[in-house]
Each structure stands twice: as C-alpha cells, then as structure tokens.
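What follows is a set of notes on a single structure, which appears directly below.
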Amino acid sequence: MTCRLLGVLLVSSLVGCPSSVPQRPTEPPPATGAPQQVTPAPTDPPLERVGPTPTTPEPFAPTPASAGLDRDGDGVSDDRDRCPDDPEDRDGFEDEDGCPDPDNDGDGIRDVDDRCPNDAEDRDGVEDQDGCPDR
C-alpha cells in the first residue's frame, strides 16, 4: 500500500512513509503594531475513496423503534392507526382502528346528539330526530 493511498498524515507517520505535504515553518508572532502577513496553506491532493460507496437510505418503513409512535395520542400506535392524525373517540365502537367515529350507527345523527348511538334510527316519521329506532 502506498503512502498516497493512506491519505492521512497521522497514519503515514506511524508506518514510516514520508509526508507528501510540505510543512510550513513556524514563524514568531509579529511585533505589536506591525502588519500581519498571512501565508496561504498548501492545498492537499484529493483523497481517494477506499471501501464501499455510501448508498441512499431506503424509504421509511415502520420499524420496532417507530412502531410505538402515536402522533394523535389516542393510544393506538401509528403503525396500526388508520387515522394517525385524528384521535380515536374511545366510545366502545371500533376503537382498535384509531379513527374517530362521529356516527357509529350511520343513521346521520351524530353520536353526541344520538340517544342510541349504536342503534340506527328507523326514519318512520316517529321521533326520527332522537336517533333511536321506534319499537
């Protein structure tokens, strides 16, 4: 292996290769009030890549580390939550899907106004606004 391939002065000094970068002599500090002269540093030759080339990371997929995330705070982890930005309403109706269910029985009357949120209104002209089927 050549000194150029190693590319690091520290390593080259450890293995006994001569340094390819010229050393700048140290200069005493200028006297007070005297203008400072700046000497440009020598440019190093470009380093050669040794080893595998880095690859682009894969697209996001749930991992054990991300599986416990719960953006909406509803207790259903995002990897199982069908609505990760809308919290589940925890009313005993399909609570495991992570989505709020504003009208559990699908009768068109929101659960907050529905006296029977899990039993659909029968729309028979008798108390159709209460959300309960008339028996």
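Every number here is computed from the coordinates shown, using simple stated rules; none is lab data. A quick note: this is a predicted structure, and the numbers were derived from the prediction, not measured. With ideal geometry, Cβ positions are generated from the backbone for all residues, glycine too; neighbour counts draw on all protein chains shown.
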Phi to ³J(HN,Hα) by Karplus 6.51 cos²θ - 1.76 cosθ + 1.60 over region 70-79, Hz, x for Gly, Pro: 8, 4, 8, x, 8, x, 10, 5, 4, 5
Give me the extension gain from ASP124 to ASP97: residue separation times 0.36 nm, minus the current Cα-Cα distance, reported in nm with one decimal. 6.5 nm
Placing unit charges on C-beta atoms (Lys and Arg positive, Asp and Glu negative, everything else neutral), compute the dipole magnitude of region 71-124 about its Cα centre in debye, rounded to 20. 120 debye
Under a no-solvent Debye model with one identical scatterer per Cα of region 71-124, what's log10 I(q)/I(0) at q = 0.13 Å⁻¹? -0.34
Measuring from label point to label point, each 7 Å out along Cα→Cβ, what is the ARG71 to ASP85 span in nm? 0.6 nm
